[in-house]
There are 4 protein chains.
Amino acid sequence: MSIRVTVWGENVHEHKNATVKSIYPTGMHTCIADALNHDAGITARTATLDQPEHGLTEAVLAETDVLTWWGHVAHGKVEDAIVERVQTRVLQGMGLIVLHSGHFAKIFKRLMGTSCALKWREVGERERLWVCNPGHPIAKGLPENIVLNNEEMYGEPFGIPDGETVFISWFEGGEVFRSGVTWTRGAGKVFYFRPGHETYPTYHNAEIQQVLRNAVHWAAPTGALWAKPHGAPNIKHPPEVIRTPDPNAKGDTAGGPGHK
Amino acid sequence: MSIRVTVWGENVHEHKNATVKSIYPTGMHTCIADALNHDAGITARTATLDQPEHGLTEAVLAETDVLTWWGHVAHGKVEDAIVERVQTRVLQGMGLIVLHSGHFAKIFKRLMGTSCALKWREVGERERLWVCNPGHPIAKGLPENIVLNNEEMYGEPFGIPDGETVFISWFEGGEVFRSGVTWTRGAGKVFYFRPGHETYPTYHNAEIQQVLRNAVHWAAPTGALWAKPHGAPNIKHPPEVIRTPDPNAKGDTAGGPGHK
Amino acid sequence: MSIRVTVWGENVHEHKNATVKSIYPTGMHTCIADALNHDAGITARTATLDQPEHGLTEAVLAETDVLTWWGHVAHGKVEDAIVERVQTRVLQGMGLIVLHSGHFAKIFKRLMGTSCALKWREVGERERLWVCNPGHPIAKGLPENIVLNNEEMYGEPFGIPDGETVFISWFEGGEVFRSGVTWTRGAGKVFYFRPGHETYPTYHNAEIQQVLRNAVHWAAPTGALWAKPHGAPNIKHPPEVIRTPDPNAKGDTAGGPGHK
Amino acid sequence: MSIRVTVWGENVHEHKNATVKSIYPTGMHTCIADALNHDAGITARTATLDQPEHGLTEAVLAETDVLTWWGHVAHGKVEDAIVERVQTRVLQGMGLIVLHSGHFAKIFKRLMGTSCALKWREVGERERLWVCNPGHPIAKGLPENIVLNNEEMYGEPFGIPDGETVFISWFEGGEVFRSGVTWTRGAGKVFYFRPGHETYPTYHNAEIQQVLRNAVHWAAPTGALWAKPHGAPNIKHPPEVIRTPDPNAKGDTAGGPGHK
């Protein structure tokens, strides 16, 4: 069965900046969704900030196995109620892939519990993303590094809890960054992936697209739904089980440990 | 130099429930602070919900190395601005010890990013806390387990990210719980410690008091202050360093004298 | 495509102990393999200590996606060369499921780097395994706990590095144990699962069998093979890429950071 | 009380290579010990491969709080019995700091359980070590990065289990590396620190020396000794405790006064 992905895009730069519009004429979210839909095992649709409930209704999220998130200038416009809804779905098992400037998105900061801050510089320098674990599912089919000729720089310290490191970036100007990191939150898998500044054609890059597809496969839930992650039930103690006698009992047991 | 601790108490049950008042006539927070002050290396004071800014002003937090937190019925009355202030101090390096029903405190949920939910039962059953790492600083001086004759039960699943497990509880009624777990958030250390239901004399227990003192020593910052954890500076690339010539260089392609 | 599993059994108790023989007349390994083969997505075969190379030839391991390991009295008879071979396969991506007394198997101790020691008692007491993450793939389809009426007790401290906790056991006699824990080593996933003392019919239990099948699905590699995990190549620096000019470059870049 | 450090050096290159001898005329180990002894809170002595039991007798280790390890060409000459002895001491609580080419030392591979492999190049290029957590004790007093004008390059993938990342290196030639990582093994803390190729004066660098001193303070045990980490005792169940009646009990089904 196909993995159902919702590609969320802030969709603001595309309408205000001619460079961005020229690179992503139908929006960054559409470019990403198209890249995912090249995989027969993935069915991706899009949702954007300007839609009712930012396109992330209960119904949409209930049918979403993996959510990808790109935001930048409008983090503050995302309603807290929607952020809580997305968080709950992650705890239930939905995968979440946070992209680039989404490091400061409310949903990412909420799931990490930390600042998610970093250094940055925007001079279109070269980035080289090194694979830290060639056997990791998210690195499948990639060379030992991915080169992006022009990207924004993000530098350490990156204010995140330690996770599983999949990629580390080298920047021409002298910095490094943990560019691909995974965590588990409740039943959900979370992946942060650094590249994707809006004024560069990063999401048109074939290797970056491969990472996105790999990450969707990795993040898709394979366990059961954790239906009520926030539930705090008052429970009875477990029923006493009528035990079969221990067929091997001898000396040492002397009637067993005799609990209660 | 003495470790400066602020013991935060919700201080509500003590004024409404005769049992709690009889066990903790001067408040649970005072009992905890007294236990900490028996250690010559610790200087503990208290702060409570009803004080201005909940007793957690910028000035108080700036002078706090470790904050302990007990809350229960009034989590919702803790102001979000104070929660953010405490979170920032943790990211800067302040230690945080979250106690018992504090699992649902805003500050703990914010730092964890998860539900922090659990099962519970209140029948005064026996709890046995097992030490999972006898060499851990928080377990220093303890026997292999701590027995509490009457406690509330908390049961798994506990909705937390995986951390370092120091204690796991066994309950008479049949459940288990990760009762002592540590995490790092920014420069700050966080420890959750389960026991301490208000209607039982748990914080008068000598071994529980030992855990609290140990945890304060463990959580106290030993690194530098991370002054601006939320800062996201736009930076220049590092200056070129004038390198001394490599005394061993044999040409860029020779690759040196051979490694292994 | 079916997941290829090799079920490794020490196969010693079955030939020396009448109780074990009566419970597992064709060997514990056969019982486990049969349980796995009930899943159409799994193809399990067995290998035992007494076979040449313990049944774990290069050819067998090359065709093994997941290896399960049960050993007890003959850990010392497993040849170091075979242990190294298995370790290399795990680092390359093969999943490994270590069962019960396999906690002291050479391969487990080698992958953990710690003592893997624990307390134990054999009086046939009741064990209750609690699920710590209801959405974890290994817990799929299980109730909130699994009850085994008669089992050997294993108690904390368990000398392992912290991992992802999936199950914690409660024992009738008063102890607790991290009974299901996962780790990653190289490209391989490792799962330790506690139950399975040879004198009890644990591997005939339907829920235990479900855990084993779930664990196989979880541990099966989904990434690429990490072909030479031990390789330490002497490399040239990456080739200079001819960069396209940054279309957005202006003032600040002044020709870019100009590295080299 | 002063932290007792044993600085272990292979001490082979110093006697065979004129460059190394000129940089470290009394041995790399002596240079490191001198740097540590500048800290009034540290008392460092040295031990070398050529000494009886490699200078790491039971008596020496019993008096060692933190062991530092530099080896390269003679890893294979370190006796397995000594490696086991060191491992046991780490599990008991001794800190271990593994330096540079010590990544392939038997003791490091044993504690990690993985390949510990990496890429390398020796052309004397520039290395820049970035601090990933400015509040970490090991980064105390450091600038945001440390620059080494000439060093050997180590590149990802580094075959280690994920740990806590303190430093990541940028190399002039285009690679990155997790240059400072911490783990816990039993009661012991382990820190790997990358720089220190024998033909460069790295251990004379003031900032590198500061890292070494910081790391000693961080790695020194603060908990109790885990006396017998390999013990696997057969135990009785815990004694029944005579419980005081629950003063709040209202019958097993009443469930107490209500929780949340």
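Throughout, read-outs are computed from the coordinates displayed, never taken from laboratory work. Please read all numbers here as calculations on a predicted model, not as lab measurements. We place every Cβ from the backbone using ideal geometry, glycine too, and count neighbours over all the protein chains shown.
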Rounded, prolate or oblate, given the Cα gyration tensor of the protein assembly as shown, with a/c below 1.5 counting as rounded? rounded
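By the scheme Lys and Arg +1, Asp and Glu -1, what is the net charge of all other residues having a beta-carbon under 13 Å from that of A:Trp70? Display every interim value, and only then the final one.
Values: positive: A:Arg194; negative: A:Glu10, A:Glu14, A:Glu198.
Within the 13 Å Cβ shell, the charges total -2.
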Integer Hz, Karplus 6.51/-1.76/1.60 couplings in order for segment A:222-232, x for Gly and Pro: 10, x, 7, 5, 8, 4, 10, x, 8, x, 10
Reach of D:Lys109 by Cα under 21 Å, taken over lysines that are not fewer than 8 positions away in the same chain: B:Lys260, C:Lys106, C:Lys109, C:Lys189, C:Lys228, D:Lys77, D:Lys119, D:Lys189
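Using a 10 Å cut-off around each Cβ, can you sort C:Glu240, B:Glu122, A:Glu122 from fewest to most neighbouring Cβ atoms? Walk me through the numbers on the way to the answer.
Values: C:Glu240 9, B:Glu122 22, A:Glu122 17.
Lowest count first: C:Glu240, A:Glu122, B:Glu122.
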Normalising by the residue count of segment D:19-132, find the relative contact order in percent from Cα pairs under 8 Å and 6+ residues apart. 19 percent
Using only the Cα atoms of chain B, build the gyration tensor, take square roots of its eigenvalues as a ≥ b ≥ c, and label the shape rounded, prolate or oblate: rounded if a/c is under 1.5, else prolate if a/b is larger than b/c, else oblate. prolate
Across B:104-115, the residue-averaged tally of Cβ atoms belonging to other chains within 10 Å stands at 5
The relative contact order of chain D, taking Cα pairs under 8 Å that sit 6 or more residues apart, comes to a percentage of 20 percent
Kindly write out, for segment C:192-208 in residue order, the coupling ³J(HN,Hα) from the Karplus curve 6.51 cos²θ - 1.76 cosθ + 1.60 (θ = phi - 60°), rounded to whole Hz, with x marking Gly and Pro. 9, 9, 5, x, x, 5, 5, 8, 10, x, 4, 6, 8, 6, 4, 6, 5
From the label point of D:Asp80, set 7 Å along Cα to the beta carbon, how far off in nm is each other copy's matching point, shortest first? 0.2, 6.2, 6.2
Taking the protein assembly as shown and counting helices only, DSSP H stretches of n ≥ 4 at -39,500 (n - 2.57) each over all residues, the nearest-500 ellipticity at 222 nm comes to -6000 deg cm²/dmol
Under the rule of at least 5 residues apart or a separate chain, name every residue whose amide H is placed under 5 Å from the amide H of A:Gly188. A:Gly93
Candidates D:Ile138, D:Ile42, D:Ile235, ranked by Gaussian network fluctuation over chain D, Cα under 10 Å, top entry: D:Ile235
Amide H contacts of D:Arg4 (H built 1.01 Å from N, under 5 Å, at least 5 apart or other chain): D:Thr43, D:Asp65, D:Val66
9 Å beta-carbon shell around D:Val60, net charge (K/R +1, D/E -1): -2
Starting from the Cα of A:Lys236, draw a straight line to each of the aspartates and glutamates and keep only those under 14 Å, dropping any in the same chain fewer than 8 residues away. B:Glu122, B:Glu125, B:Glu152, B:Glu156, B:Glu172, B:Glu175, C:Glu144, D:Asp252
Could you list log10 I(q)/I(0) for segment C:155-252 at q = 0.13, 0.17, 0.18 Å⁻¹, which the Debye formula gives when each Cα is one point scatterer? -0.69, -0.94, -1.01
Highest-MSF residue in chain C out of C:His136, C:His237, C:His103 [GNM, Cα springs under 10 Å]: C:His237
Anyone know which of D:Lys77, D:Lys189, D:Lys109 comes out most mobile in the 10 Å Cα GNM of chain D? D:Lys77
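Checking the a/c ratio against 1.5 first, then a/b against b/c, what shape does the Cα gyration tensor give for segment D:11-113?
Working: a/c = 1.76, a/b = 1.21, b/c = 1.45.
Since a/c reaches 1.5 but b/c is at least a/b, the shape of segment D:11-113 is classed as oblate.
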For segment B:91-97, Karplus-derived ³J(HN,Hα) couplings (6.51, -1.76, 1.60; θ = phi - 60°; whole Hz; x for glycine and proline) come out as 4, 6, x, 5, x, 9, 10
Mind checking which lysines have their C-alpha under 21 Å from A:Lys21, skipping anything on the same chain fewer than 8 residues away? C:Lys250
Report the Cα centroid-to-centroid distance between segment D:57-116 and segment C:93-172 in angstrom, as an integer. 29 Å
